[in-house]
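Trainee: Handing you a structure now.
Values quoted throughout were computed directly from the atomic coordinates according to the rules given, and no laboratory measurement underlies them. None of the values given here were measured: they were computed from a predicted structure. Note that each Cβ is placed from the backbone with ideal geometry, even for glycine, and that neighbours are counted across all protein chains shown.
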Amino acid sequence: MKSYIIISGGRVDLYSLQGIMDRHLESSRVIAVDKGIETCNKIGIVPDVIVGDFDSASKVTVGVYRKMAKKMHSIQFVDLDTHKDFTDTHVAIMHAMEEGATDIYISGATGTRLDHTMANIGLLKECADKGVNAYIEDDHNVITMINSSAGISRLEGYDYISFIPYGGCVTGVTLTGFEYNVENRTFEIGDSLGVSNRVVSEDARIEIEDGYMIVNYSRD
């Protein structure tokens with residue numbers, strides 16, 4: 001297992017980020033993405049990799065970490081052009097996967113920029129395609145994407161779980177161990193069938209024949 005924590009430049013809830021750190025920091029490499037470097041500075045984290053074109057990060061903070069990188073030689077800067085075909089967060093995820101990531105935990109991937117939020121959720125598909133477990137976490141949600149059958153665990157503190165098709169229909173869906181179970185259904189784009197369910201069994205499971213499913217744990 002090779003874990004990565006990615007701190008992106010969106011809205012970061014420090015409480016949920018601290019939860020990620022408590023659970024995974026000891027065994028993970030940390031990648032700061034552009035403005036995410038300011039979050040690292042705020043909480044006293046020294047990232048292993050810093051990725052970005054740095055169009056939104058404080059020049060002072062970036063300068064501090066560049067000086068630190070020269071002294072420590074353990075911090076890698078990945079400088080990007082402002083004109084590119086990938087977002088900074090996308091590059092960070094690709095970097096983690098190129099290094100052999102098996103699990104990726106992403107903070108700061110949601111916020112006021114809905115375009116970035118939607119794109120970041122879409123990046124979970126690339127992770128699913130490569131067999132990487134990837135999770136976007138904020139103060140109200142934990143989001144992942146699957147393309148095959150899986151056991152579904154309760155997540156402490158999250159009352160709801162929703163299953164939302166991504167990129168097309170998801171066929172052969174069977175849910176067991178939930179408040180609302182279904183058998184061999186097709187979840188279609190534009191249908192709210194899978195929204196606001198609850199895990200009621202330790203053996204909860206989703207069976208999928210074909211397609212990509214967003215799995216969204218949430219709380220009010």
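Trainee: Specify whether the C-alpha gyration tensor of region 3-139 places it in the rounded, prolate or oblate class, a ≥ b ≥ c being the square roots of the eigenvalues: rounded for a/c under 1.5, otherwise prolate if a/b is larger than b/c and oblate if not. Display every interim value, and only then the final one.
Mentor: Numbers: a/c = 1.32, a/b = 1.22, b/c = 1.08.
Taking the square roots of the gyration eigenvalues as a ≥ b ≥ c, region 3-139 is rounded.
Trainee: What angle do you read, to the nearest 10 degrees and between 0 and 90, between the alpha-carbon axis of helix 14-24 and the longest principal axis of the chain?
Mentor: 80 degrees
Trainee: Please turn the phi angles of region 202-211 into ³J(HN,Hα) values with the Karplus equation 6.51 cos²θ - 1.76 cosθ + 1.60 (θ = phi - 60°), one per residue in order, whole Hz, x for glycine and proline.
Mentor: Using θ = phi - 60°, the values come out as 5, 10, 4, 8, 10, 9, 10, 8, 7, x Hz.
Trainee: Rounded to the nearest 0.05, what FRET efficiency do Thr82 and Ser153 have when you use their Cβ-Cβ distance and R0 = 30 Å? Each step should come with its number before you reach the end.
Mentor: Numbers: r = 41 Å, r/R0 = 1.36.
After rounding, the FRET efficiency stands at 0.15.
Trainee: Near Lys35, which lysines are there with a Cα under 23 Å away, not counting those fewer than 8 places off in the same chain?
Mentor: Those lysines meeting the cut-off are Lys59, Lys67, Lys70, Lys71, Lys84.
Trainee: Right, next: Once amide H atoms are built 1.01 Å from N in the peptide plane, which residues 5 or more positions from Ala134, or in another chain, come under 5 Å H to H?
Mentor: So Ala134 has HN proximity to Ile104, Met145.
Trainee: Next question, about the same structure. If you line up the long axis of helix 88-98 against the longest principal axis of the chain, both from Cα atoms, how many degrees apart are they, to the nearest 10?
Mentor: Relative to the chain, helix 88-98 is tipped by roughly 80 degrees.
Trainee: Follow-up question, since we're still on this one. Can you work out ³J(HN,Hα) from phi for every residue in region 142-156, in order, using Karplus 6.51 cos²θ - 1.76 cosθ + 1.60 and θ = phi - 60°, giving whole Hz and x for Gly and Pro?
Mentor: Each residue's phi maps through the Karplus curve to give 10, 10, 9, 9, 10, 10, 7, 5, 7, x, 10, 8, 5, 10, 4 Hz.
Trainee: Express in nm, to one decimal, how much length is gained between Met72 and Leu14 on full extension, taking 0.36 nm for each residue of separation and deducting their alpha carbon distance.
Mentor: Going from the current span to full extension adds 18.3 nm.
Trainee: Sort His24, His83 by Cβ crowding within 10 Å, fewest neighbours at the top. The partial results should precede the final answer.
Mentor: On the way: His24 16, His83 6.
Least to most surrounded, the residues fall as His83, His24.
Trainee: To the nearest 10 degrees, how steeply does helix 114-129 sit against the main Cα axis of the chain, on a 0 to 90 scale?
Mentor: 70 degrees
Trainee: List the residues whose amide H sits under 5 Å from the amide H of Asp53, counting only those 5 or more places along or on another chain, with H placed 1.01 Å from N in the peptide plane.
Mentor: Counting only residues 5 or more places away or on other chains, the set is Leu80.
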